[in-house]
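The values are calculated or read from the model by the stated rules, or taken from the named source; none is laboratory data. Note that the coordinates shown come from a computational prediction; the quantities given were computed from them, not determined experimentally. All Cβ positions, glycine included, derive from the backbone under ideal geometry; neighbour counts span all protein chains shown.
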Amino acid sequence: MKAETSTLDAGLPEVLREVPLTTGPVSPGSLDDQILSVTETKPPRKWFVAIAFTSLLAAFGFGFIGYTVYTGIGVWGNNSPVFWAFDIINFVFWVGIGHAGTLISAILFLFRMRWRNAIARFAEAMTIFAVMCAGIFPLIHVGRPWLAFWLFPYPNQRALWPNFRSPLLWDVFAVSTYFSVSAMFWYLGLLPDLASMRDRATNKWKKLAYSIVSLGWHGAARHWQHYEKAYLLLAGLATGLVLSVHSVVSFDFATSVVPGWHMTIFPPYFVAGAIFAGFSMVVIVLVVVRESMDLKNLITDRHLEVMNKVILGMSCLMGYSYAMEGFTAWYSQNAYLHHTFLNIIGGTYGWAGWLTISCNILAPQLLWLRKCRTSYFWMILVACSVTVGMWFERFVIIVISLHQDYLPSAWRIYKPTLVDFAILLGSFGLFFTLVLLFARVLPVIATTEVKAILPGAQPTHGGHHE
Amino acid sequence: MSDFAVLGLFDSADALLAAIPKVKASKLGRLEAYTPYPVHGLDEALELRRSPLGGMVLGMGILGALTALAFQYWISAIDYPIVTGGKAPWSWEAFVPIMFEVMVAFATFTAGLGMLFLLNKLPFFGHPVLGTKAMRGITRDRFALAIEADPGLDAEAARTALLAAGAGEIEVLPAPPGGPFLTSDFVLRTLGGIFVACTVAGIGMYWAIKLVPQVIPVSHMLDQPRLNAQQGSAFFKDGQAMRMPVPGTVARGYLPVAAATQEAAAALVNPLPTTPEVLALGKRAFTNRCAVCHGPLANGQGSLGAAYGGKPANLQAPQFLAYPDGKLYWTIVNGKNAMPSQAADLSTDERWAVVHYVRALQRAQNAKDEDLP
């Protein structure tokens, strides 16, 4: 939130001056009127249409989750040796989507990338919603979700403890910590905005509700001092956490002995893939939000262009990882590893391998062109292709590696059932329903953070810090 | 009621920062600024102490990591030492991921909740500034500087000082109505609330524990396709769930005696050696099954003999001293006269041990000088 003052700019030639982070006349007051007033008006008709569609989709998915829980997970396509399929693919996919939010809110904050202030709130919200979607899948995969609390180490009548040497238990800790830390980070950022909404509210009940959730925040300098420190510390902690979470998710695979999983490159490869997929999802949602909510002056073309540059960079990293996977397979001189890699590019599921490579590596190369980075059509095309590609990447890693490992007698072709697809669609429905609700109920842009970086927001003289 | 503070409003962070040294010079009371966003240089201008949050978070983070390590070590190496993946109980490398996550969780909650609850003393809905007209501007785009002194604020002097420093509007904040915190009414209400909450939670848990296992699909686990003993079944022709063993089935430890009559059994040889363990086994079996009739010394003077008028054999009688082992064994298995069979209660080994023990009793009752050590 602390913005570096641009006192040096005055003496610089035009080209070297900092580009303003907003376009058009924006003042702290107009910002509040633009962002906070959204929650005070009735949503437009198109919003109702959209949320009706997404919540129907979510209800459809949850219906099939109910069917699964009632009947048992035999209604999915999972069967020996492919015991992990859509459930774990979707889990890894959604956790990955969440990582972009933390990257934007925490890592870019530490790097003092001030442009992130305008999109941080939305990205953080997406993190929380994505982790919610992700959490569903391991929960229903255990078959008896009402006993999922057995995963936690608590003293019990059975005198049993969980196995702390299992990456699956690490995952329980990583994902639950990630969710609670993201929620805390999000809420702290929201606190001053909630106070603004409290002071704007005219309806008695709304005022009461905002008063309670804003905890009586009144912007005292002594409070801001601790608040800023807490925010900085949280950013530092969340940075370490976000890198650890997808590393731990990758340990689920890397610590096993399945050919195609047992690789040291997995943790960084998974983290890069997560950021890649997450940024694409953020681009898709941001484009819709800035168009429908008229936020072009705050989420500028430059924001989207920078986001697209990150996607391009991550795409190149992914290309390197894929190439490294092939190199490792070849260099290992291991027949099983060779076989797995050949399966990716030519087996029964070879089409999925090539779909992954073309969606994740080839399509984003369009973003080298400035025209594609700034055109809605091309950036949405690339972002959608990355979303599809990253889902299939997890399909490739999980299903291809499992369906043919060491013993040919145990090989089997995996076929998902309609229930698998219904639950996947349902998770998208849940995600977009939550996003739509969020867009109408809470400020989509962190007004406090943007106020702090507006031109003239910070003192240029008179302080003791010159 | 005295006034709590005098508030001056400014239009920009620049104006606020410029005013602080001037107002500070008047020495009228404690200075506090209220701003819509954190303003650079305000901490230094107001001479605020550095936030201690960093140290708190560091301490709690280290505590979190150590807690996780100790917890995992105690569980994996002491309380429940199960070898998994060939790892030693103290395989600390495997504990690192959870140590890290717990460290982050401890540190995060310290940073977030410690900041809110401990340092900023929130939630607090009674701060005087919350009720002012200026509050709407403070969370929007105005910057307020307050001179706070309670009691004894010179409101007029404060107003003059703030106006001189360039404040646009002035607002005087009355002190909040104070009262005793712990009234008996408050204590009673709190205790009553706790009682109601505990009762509701207790009744709720009782019914949850009682009913949840009977709810579909939780109850599906109870529904197992199997036949219980003594149950009927339409599957088998005789309509019973239990099956008879195949003819000729022999239970473990109960081999039938390889002799048709007691005379033929005379040829059987006791397969057990005479060791203290075998004699102990024989003594236990004899005491439990035989002594009640035959007496502890096997002389036929058991406690039950008088009660039912029978005449159990006196095994110390001369004809039994010369009795072959096999015939004694046969009698244990098949019974004789009024004596019932003991086959169902004594295993093969126990029967032969009893034979050894009876021989020992006979020798003890008819000891010769040579038997002395």
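The single condition among (1) touching a strand residue (DSSP E or B) at 6+ places or on another chain (Cβ under 8 Å); (2) of a type outside the set (Ser, Thr, Tyr); (3) modelled with pLDDT under 90 that residue A:453 does not meet is (1).
Of the helices (runs of 4 or more DSSP H) lying entirely inside segment B:259-329, those carrying at least 2 residues that are at pLDDT 90 or above and within 13 Å of residue B:351 (Cα to Cα) are B:276-289. Within segment A:224-246, if we keep just the residues that are more than 28 Å from residue B:8 (Cα to Cα), buried (at least 18 other Cβ atoms within 10 Å of the Cβ) and within 7 Å of chain B (Cβ to nearest Cβ), the residue that is farthest from the chain's Cα centre (by Cα) turns out to be A:230.
Residues of segment B:12-30 that are over 22 Å from residue B:137 (Cα atoms) and part of a helix (DSSP H, G or I): B:21, B:22, B:24, B:25, B:26. Selection of segment B:13-47 for residues being closer than 20 Å to residue A:457 by Cα, out of contact with any Gly (no Cβ under 7 Å at 6 or more places or on another chain) and among the hydroxyl-bearing types (Ser, Thr, Tyr) yields only B:37.
Where in segment A:347-414 are the helices (runs of 4 or more DSSP H), entirely inside, with at least 2 residues that are aromatic (Phe, Trp, Tyr) and closer than 28 Å to residue A:259 by Cβ?
Values: elements: A:350-357, A:370-374, A:376-395.
Here the list reads A:350-357, A:376-395.
Yes or no: segment A:133-140 includes at least one residue that is within 11 Å of chain B (Cβ to nearest Cβ) and touching a residue at least 24 places away in the same chain (Cβ under 8 Å). Checked segment A:133-140: no residue is within 11 Å of chain B (Cβ to nearest Cβ) and touching a residue at least 24 places away in the same chain (Cβ under 8 Å). Annotation: of all residues in segment A:247-281 being β-branched (Val, Ile, Thr) and crowded, with 19+ Cβ neighbours inside 10 Å, the one that is nearest to the chain's Cα centre (by Cα) is A:275. Taking the conditions exactly as written (part of a helix (DSSP H, G or I) and under 17 Å from the mean Cα position of the chain (by Cα)), does residue A:134 satisfy them or not? It is true that residue A:134 is part of a helix (DSSP H, G or I) and under 17 Å from the mean Cα position of the chain (by Cα). Taken as a whole, the condition of being closer than 26 Å to residue A:129 by Cα and facing chain B (nearest Cβ under 9 Å) does not apply to residue A:194. For segment A:252-294, the set of residues classified as outside any loop (DSSP other than H, G, I, E, B), among the acidic types (Asp, Glu) and closer than 30 Å to residue A:36 by Cα consists of A:291 only. Checking each residue in segment A:167-223 for being surrounded by fewer than 21 Cβ atoms within 10 Å (Cβ to Cβ), of a type in the set (S, T, N, Q) and part of a helix (DSSP H, G or I) picks out A:176, A:180, A:211. Within segment B:205-227, the set of residues being surrounded by 10 or more Cβ atoms within 10 Å (Cβ to Cβ), more than 14 Å from every other protein chain (Cβ to nearest Cβ) and outside any helix (DSSP H, G or I) comprises B:227 only. It is to be established whether one or more residues within segment B:102-119 are within 49 Å of the chain's Cα centre (by Cα), at pLDDT 90 or above and in a loop (DSSP other than H, G, I, E, B). Checking segment B:102-119: not a single residue is within 49 Å of the chain's Cα centre (by Cα), at pLDDT 90 or above and in a loop (DSSP other than H, G, I, E, B).
Taking segment A:291-325 as the range and being among the small types (Gly, Ala, Ser) and over 18 Å from residue A:394 (Cβ atoms) as the test, the residues that pass are A:292, A:313, A:323. Of the residues making up segment B:66-101, those that are surrounded by fewer than 23 Cβ atoms within 10 Å (Cβ to Cβ) and more than 7 Å from every other protein chain (Cβ to nearest Cβ) number 20. Here residue A:450 meets each of (1) in a helix (DSSP H, G or I); (2) without any contact (Cβ under 8 Å) to a residue 60 or more places away in the chain; (3) within 14 Å of another protein chain (Cβ to nearest Cβ) with one exception, condition (2). If you go through segment B:26-41 and keep only what is more than 7 Å from chain A (Cβ to nearest Cβ), in contact (Cβ under 8 Å) with a residue 60 or more places away in the chain and out of contact with any Leu (no Cβ under 8 Å at 6 or more places or on another chain), you end up with B:26, B:30. Close contacts from segment B:121-134, counting a first residue that is within 9 Å of another protein chain (Cβ to nearest Cβ) and within 12 Å of residue B:7 (Cα to Cα) and a second that is among the β-branched types (Val, Ile, Thr) and surrounded by 12 or more Cβ atoms within 10 Å (Cβ to Cβ), with Cβ to Cβ under 8 Å and a gap of 6+ residues or different chains, come to B:129/B:138. In this structure, does residue B:144 turn out to be under 30 Å from residue A:456 (Cα atoms) and either more than 7 Å from chain A (Cβ to nearest Cβ) or at pLDDT below 90 (or both)? Here the answer is yes, as residue B:144 does meet what is asked.
Filtered by the rule that a residue be surrounded by fewer than 23 Cβ atoms within 10 Å (Cβ to Cβ) and either facing chain A (nearest Cβ under 8 Å) or closer than 30 Å to residue A:164 by Cα (or both), segment B:107-119 gives B:109, B:113, B:114, B:116, B:119. For residue A:417, state whether it is within 13 Å of chain B (Cβ to nearest Cβ) and either touching a strand residue (DSSP E or B) at 6+ places or on another chain (Cβ under 9 Å) or among the hydroxyl-bearing types (Ser, Thr, Tyr) (or both). So residue A:417 fails the test.
The set of residues in segment A:31-89 that are within 14 Å of chain B (Cβ to nearest Cβ) and either within 30 Å of residue B:219 (Cα to Cα) or touching a Phe, Trp or Tyr at 6+ places or on another chain (Cβ under 9 Å) (or both) comprises A:65, A:66, A:67, A:68, A:69, A:70, A:71, A:72, A:73, A:74, A:75. Screening the candidates A:300, A:348, A:356 for the property of being surrounded by fewer than 20 Cβ atoms within 10 Å (Cβ to Cβ) and touching a residue at least 24 places away in the same chain (Cβ under 8 Å) yields one hit, A:348.
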